[in-house]
Each structure stands twice: as C-alpha cells, then as structure tokens.
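A short write-up of the structure that comes next.
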Amino acid sequence: MSQLAIPQDQDLTDGQIMALVDVHGVAYFHSSGCVVLKNGTWLQPEQWQVHLDKMINECETENGSHDY
Amino acid sequence: MPKSRSRGKANSNLARDHKMFSTCHLFTWEGLLNAKDGEQYTTAQTYLRMGGWCPMGEYLADQLIKRPRNWMIGVRALCRAPDGTEWMESQMFDLPSRRIGDISDAYHELRAAVLSAQQTRQVYDLGWIAQTWAGRKPEDHNELWHYYYAPPGIIRQVCRDDAVIRRMAGPVYSESRQATWQLSNKDYLEQRARELAA
C-alpha cells in the first residue's frame, strides 16, 4: 500500500481553524460530524466545534450589545 | 347511525419512504481523504425542502442503499492541463428500481471508461455520484445533477447562475489533492489486478 499524501490538519490551532473556514468556506457536511472545506480540508468534529463556538460567542456578544 | 369517517390520511410506509428518499445523493471523491484516518468516505445526503441538502445518518443511509430505488449514476474525473485549464470527464447511466449495491462491477467498468478518455497524469480526482428520483425522472438537459461538489469553475462551464454554482460547488484543485489521487489510483489498479487474477 502506498503512503498516501494526506493533508495533516489535526494539529491546527483554533485561530488556524477559524481562518481556514473563513477563507475557504464549507463545501459539505459528512454525517460523521466532519466538515469538508472548499480547499479539500477535512475538519474533524472537534475542530468544527471550535468554529461553532466562535459563531455562538459572536451571536451572544452582538445580542448582548442591543438596548431593549 | 352513520359510521364516522376516519379523518386524515392513513399511515403509509410507502409515502414516508418516498418523502425521505425521493431525492438523495451519494458521492465520493477518491482524492479527498479524512486526514484523521486516511480513509475515503462516501457522503449520503437527502434534500429537505426547508433545509437543502442535509447529511444522512448511518441508519438512513443504510435504508437508502438496501431497498430498490430509481438511480442516476455518474463517474466523473476532474482534469487539469498544465496551463491550468480544467474540465470534467464523465460517464452516466440510469438504474431504475434497483438496489445500488447490486451493480458494484459497473463502477469498475465506468471508472476505466472515464480514465481511458484522459491522460491519467492530468486527472486530479475521480469519484462517483448517484442520485435518486421518484415518479417521473426530472428533466436536466445539461445533466447538472452530476456536477454536484465539482469545483465552481467546472460547474460554470454548464451553468451561468452564480447562486446555483455557489450551492453546488465542492472542493477545488490542489497539488496535494492530485498527489493523493495519483497514489490512490495506483493502489486501486494494483488491488483490481489482484482481484481479477484471483
């Protein structure tokens, strides 16, 4: 079996994950919880969670700044 | 006293099945491996009117493939010339009222046919896509359905609607994708030769 050239994405920092998603965007979701980006990167479920947490935080921050 | 009529529709497994599985697709790209385990994965999705394409869990995907359905099947190769020009070579066929798992040999034949029309060194990925339909087969003169998750530049060759291209577009060319596919293809051919010799 050949050694396949697999992109090594497991050691990405949180900042790198968020930058990857922002720059390339999501191509599609897999039922395993993995997310495939438009540059072909497979994000693992825990890596995608980093991005989700960031989005949730941003929503909460924006909502919190409203005067009701 | 007159009998009261039952209200509402009776439960129908057929109707429920139709609703869930009438527009689904399965697809794979040999050059896009999960970095965690180095495996190729098949992606199963169903189309929800309010939510677009949604990933199917293992149970639903199993139901999708184990029952006879109407399928459109395509094998597609993504190619890139040294000057950066890209195109997609494909072969398609219809499989009405059959289980998709019954035709695994056809994949090998289609795969060989697609590659025979290309210089292998120009191919940067190859994969199959299968989509279900129910009732009357949808009209699709450009066979746009089998461009799902191809790079946007390739979809643009058959579709000028930017919103549609954005919705359909998949991962683009990269050197690592091409290198992965070239090695994956070598493994596939060696494995296939062993199977045929046995």
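The values are calculated or read from the model by the stated rules, or taken from the named source; none is laboratory data. Remember, it's a predicted structure, so these values are computed and weren't measured experimentally. Every residue, glycine as well, gets a Cβ built from its backbone with ideal geometry; the counts of neighbours run over all protein chains shown. Surface areas here come from the heavy atoms of the whole protein model, side chains and all, with no ligands, DNA or RNA. Shrake-Rupley method; radii C 1.70, N 1.55, O 1.52, S 1.80 Å.
Brief remarks on what is shown
- Scanning segment B:37-92 for residues that are free of Cβ contacts under 8 Å to residues at least 40 places away in the same chain, in a strand (DSSP E or B) and away from chain A (no Cβ under 14 Å) returns B:E89, B:Q91.
- Entirely in segment B:119-198, the helices (runs of 4 or more DSSP H) that have 2 or more residues that are in contact with an Asp or Glu (Cβ under 7 Å, 6 or more places away or on another chain) and open to solvent by less than 50 Å² (accessible area, probe 1.4 Å): B:152-155, B:175-197
- Qualifying residue in segment A:48-57 (condition: among the β-branched types (V, I, T), without any contact (Cβ under 8 Å) to a residue 40 or more places away in the chain and either in contact with a strand residue (DSSP E or B) (Cβ under 8 Å, 6 or more places away or on another chain) or part of a loop (DSSP other than H, G, I, E, B) (or both)): no
- Among the residues of segment A:1-50, those identified as modelled with pLDDT of 90 or more, under 15 Å from B:T180 (Cα atoms) and at the interface with another protein chain (Cβ under 7 Å from one of its Cβ atoms) are A:N39, A:G40, A:W42.
- Of all residues in segment B:61-103 being within 21 Å of B:Q45 (Cβ to Cβ) and among the small types (G, A, S), the one that is surrounded by the most Cβ atoms within 10 Å (Cβ to Cβ): B:G74
- Residue within segment B:37-46 that is β-branched (V, I, T) and surrounded by fewer than 17 Cβ atoms within 10 Å (Cβ to Cβ) present: yes
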